[in-house]
């Protein structure tokens, strides 16, 4: 078999190409070098899927470190360029130059890239960057074939479904994400954010939760508020345990929501009155806090699947908080999430209640 270095951008784009190579007596050495991908959680999802797929096939995979800062330096001056413009060309140059160097180090003659199968990018730019990289390094050749032809695009989609690959909704960098966000549907965003959360180890989510809650604990609004609405976190939400504990120690009236039919009712939180309720959420069973007293609530800390920098919130689709929050005329609405859940833009409808502020872990 002839060995070729295959620069891989993600498992969905790589799968059909790898299959074709193996069927044509070409043994690919997979090379993962994609420092453009943002945020890091997205990078980890794509890298881990490529690694898993390579191991299933018994193929070698060479993994470069994630260095988004170096990538930012490489595309400096092109940040404002549109998708498929000069920024993309500089991005391809950086990554394919690294691939060409690795190809030569491994003693291989030819390298190619799965970027040429992506619907997001221009083939002429990829070819230009690949041939340039080969000429800079010397002694290696770039295969610039169009990996979208020969039924490979259809086969890609078949393999994506068969292996349950994560199918990204944008090319990779923060600029491509910003360009894509205004066109993303709510369902797409929910699926994407779930994937980002799954890429974070539980211990990392716990650390990030503590950082996010520390921002609230140092906030003057928190210190001044006597009656506060919090939530008891699901495993993929920012854990509010530190807020619950500190709030009780400070003598605040802490409220938690409980699902009753299509609405949320509020009850006073005490640790001994929690039981698992709707959707697996730990809910209070103690003293009811009636709607007639909702005007007393000064701060409402609210979870969400995603928020944007203008305060828009995307929930899980049931509309519970959108019906509850308008009943609290004096509550300062504070969204709480991980930094990768804070987007530049979210689609919003008339009934969606915006936040006054969004707090993250700041990473």
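The values are calculated or read from the model by the stated rules, or taken from the named source; none is laboratory data. Quick caveat, the model's predicted, so the values are computed rather than measured. When we count neighbours, we look across all protein chains shown, and the Cβ atoms used for this are built from the backbone with ideal geometry, even at glycine.
Look through 11, 99, 54 and report the one residue that is modelled with pLDDT of 95 or more, crowded, with 22+ Cβ neighbours inside 10 Å, in the same structural domain as residue 125 (by TED's automatic domain parsing) and over 20 Å from residue 127 (Cβ atoms).
Criteria check complete, one pass: 54.
Take residue 59 and decide whether it is touching a strand residue (DSSP E or B) at 6+ places or on another chain (Cβ under 8 Å) and in contact (Cβ under 8 Å) with a residue 12 or more places away in the chain.
When the stated conditions are applied, residue 59 passes them.
Could you tell me whether the range 148-157 includes any residue that is touching a residue at least 40 places away in the same chain (Cβ under 8 Å), part of a loop (DSSP other than H, G, I, E, B) and surrounded by fewer than 22 Cβ atoms within 10 Å (Cβ to Cβ)?
Scanning the range 148-157, I find at least one residue that is touching a residue at least 40 places away in the same chain (Cβ under 8 Å), part of a loop (DSSP other than H, G, I, E, B) and surrounded by fewer than 22 Cβ atoms within 10 Å (Cβ to Cβ), so the answer is yes.
Is it true that some residue in the range 15-24 is over 25 Å from the mean Cα position of the chain (by Cα), in a loop (DSSP other than H, G, I, E, B) and on the phi > 0 side of the Ramachandran plot?
no
Select from the range 127-142 the residues that are surrounded by fewer than 17 Cβ atoms within 10 Å (Cβ to Cβ) and in a loop (DSSP other than H, G, I, E, B) and list them in ascending order.
Within the range 127-142, 138, 139 meet the criteria.
Just a yes or no: is a residue in the range 71-88 surrounded by 21 or more Cβ atoms within 10 Å (Cβ to Cβ) and at pLDDT below 95?
Among the residues of the range 71-88, not one is surrounded by 21 or more Cβ atoms within 10 Å (Cβ to Cβ) and at pLDDT below 95, which makes the answer no.
If I ask for residues that are closer than 23 Å to residue 189 by Cα, part of a helix (DSSP H, G or I) and modelled with pLDDT of 95 or more, which ones from the range 275-323 would you list?
320, 321, 322, 323
Taking the range 162-204, which residues are touching a residue at least 24 places away in the same chain (Cβ under 8 Å), within 22 Å of residue 315 (Cα to Cα) and not in a helix (DSSP H, G or I)?
Across the range 162-204, the qualifying residues are 166, 167, 168, 170, 184, 185, 199, 200.
Does residue 232 qualify as being in contact with a strand residue (DSSP E or B) (Cβ under 6 Å, 6 or more places away or on another chain) and part of a helix (DSSP H, G or I)?
In short, no.
Between 256, 244, which is part of a strand (DSSP E or B), touching a residue at least 12 places away in the same chain (Cβ under 8 Å) and closer than 30 Å to residue 192 by Cβ?
Only one candidate passes the filter, namely 256.
What number of residues in the range 109-126 are crowded, with 18+ Cβ neighbours inside 10 Å and within 21 Å of residue 18 (Cα to Cα)?
Final tally of qualifying residues: 10.
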